[in-house]
Amino acid sequence: MGAGSLILLIICGVLFSVGGILVAKLFGPSSYNEQKLEAYECGVPTEGGTWIQYNVGYYLFALIFLIFDVEIVFLFPWAVVIREMGVIAFLEVLIFVFILFLGLLYAWKKGALKWV
Amino acid sequence: MTIANFIFYLVSSMILVFGVLTISTRQLFRSAIYLLFSLINVAALFFLMDNEFLAAVQVVVYVGGIIVLILFSLFLTQQAGLKLPLPGLGRSMMAGLLSFFGFVLLFSLLLAASPEADENSFSAITMKEIGFGLLNFGKNGYVLPFEVVSILLLAAMIGAIAIAFKTKKE
Amino acid sequence: MNYFLSNLTLLNITVPVQWYLYLSAALFCIGVAGALTRRNAIILFMSVELMLNAVNLLMVAFSNHLGDASGQVFVFFVMVVAAAEVAVGLAILMMIYRNTGSVDVGFLKKLKW
């Protein structure tokens, strides 16, 4: 599949996006209005700059997501071979998941899972 | 030039261009986005080598995890999207020369020791082989590193949470 | 459509392994140049990511070339180490920013005894 599907994907993606924009440019009516340039056409105008400092909670959530993301990545090859390897593979992964579960317990105890 | 070669040239030139932009741009945020493009193109190369699972992992871990973490820490640590000062001319000249000589050294080593251009020996590793490699005992089995990796992740998680929370209490 | 796909798949095997090696050497040197020039700690992290990716590319190309899965298993371990390094490193960086108001590595000279 490799290169063939990659080429097809690239061609389809380019055609799809370029075609959509071209068709809209050709057939759509175009009008100019000041309000169209605002970030939100309806609702209150935005206040302050865009470069504000975020809460540390965002970082903690991204961190916990990243750690368990990596854990799940290891479970995919395991799921492919477990039928052939049997109980031993299951025990190995049980240890793996248990050790990471301790981390989840720590995060829970510390209150990192709570949104502030 | 076949289509696969053309794709390889396209993707690898994008990797290199975005890599250079990553280290040379003056705005931190743009630097992270260029790094993201570079990593996505590396995933495309994995895909070109018929390692679909590895390409997916590259996107999930690097693009979905690490870049997001870098972006959040950018939002936490930078003041009002300021532009960084460019490094001095002497410094960048020196670094460019050093890395260029490093590249020449690596290139000559690779030329001297690279395997024969046997085009048919390229066979993609399947996910099943990776799974057996991860979970097997004995030769070509890496079950001990597999378990140690979980301890490393646990340590990283506990350490990062402990450090990040310490700042919050003050 | 199927015929088209299978034809292209046959074309796929013509990219020789050397090109991947040269590409990864070049990418590694870009990362080294970034780590040498920039003073901002976050860009240093990004340069390290570039270098780790170059090594990943090299290992994947070689493991496909030799038909040995060990290289790709190690790619997974490298990814884990990269994730752990980024997590702890950025947390330390945020702590430094809280205390000193800067993430410039030239600012942290006190560690040099």
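The values are calculated or read from the model by the stated rules, or taken from the named source; none is laboratory data. From a predicted model like this one, the values you see are computed outputs, not experimental measurements. Note that we place each Cβ from the backbone using ideal geometry, even for glycine, and neighbour counts take in every protein chain shown.
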Pairs needed: first member in the range B:84-95, in contact (Cβ under 8 Å) with a residue 12 or more places away in the chain; second member anywhere, surrounded by fewer than 15 Cβ atoms within 10 Å (Cβ to Cβ) and part of a loop (DSSP other than H, G, I, E, B); C-beta distance under 6 Å; at least 6 residues apart or different chains.
B:LEU84/B:ARG26
What tally of residues in the range B:1-13 results from selecting those that are touching a Leu at 6+ places or on another chain (Cβ under 9 Å), part of a helix (DSSP H, G or I) and not hydrophobic (A, V, I, L, M, F, W, C)?
2
Hey, among the residues in the range A:79-89 that are surrounded by fewer than 15 Cβ atoms within 10 Å (Cβ to Cβ) and facing chain B (nearest Cβ under 10 Å), which one's nearest to A:VAL56 (Cα to Cα)?
A:ALA79
In the range B:130-170, which residue that is assigned to a loop (DSSP other than H, G, I, E, B) and crowded, with 18+ Cβ neighbours inside 10 Å is modelled with the lowest pLDDT?
B:ASN136
Residues of the range C:31-53 being assigned to a helix (DSSP H, G or I) and either more than 7 Å from chain B (Cβ to nearest Cβ) or in contact (Cβ under 8 Å) with a residue 24 or more places away in the chain (or both), in sequence order, are C:GLY31, C:ALA35, C:ALA41, C:ILE42, C:LEU44, C:PHE45, C:VAL48, C:GLU49, C:MET51, C:LEU52, C:ASN53
Looking only at helices (runs of 4 or more DSSP H) that fall completely inside the range B:14-89, which ones have 2 or more residues that are of a type in the set (A, V, I, L, M, F, W, C) and under 22 Å from C:HIS65 (Cβ atoms)?
B:28-48, B:52-58
Would you be able to say whether some residue in the range A:67-78 is more than 8 Å from chain B (Cβ to nearest Cβ) and either crowded, with 18+ Cβ neighbours inside 10 Å or farther than 30 Å from B:LEU76 by Cβ (or both)?
yes
Given (1) over 23 Å from the mean Cα position of the chain (by Cα); (2) modelled with pLDDT of 85 or more, index of the condition B:GLN79 fails
(2)
Going through the range C:54-74 one residue at a time, which ones are surrounded by fewer than 24 Cβ atoms within 10 Å (Cβ to Cβ), more than 7 Å from every other protein chain (Cβ to nearest Cβ) and closer than 22 Å to B:VAL148 by Cβ?
C:VAL55, C:MET59, C:ASP68, C:GLY71, C:PHE74
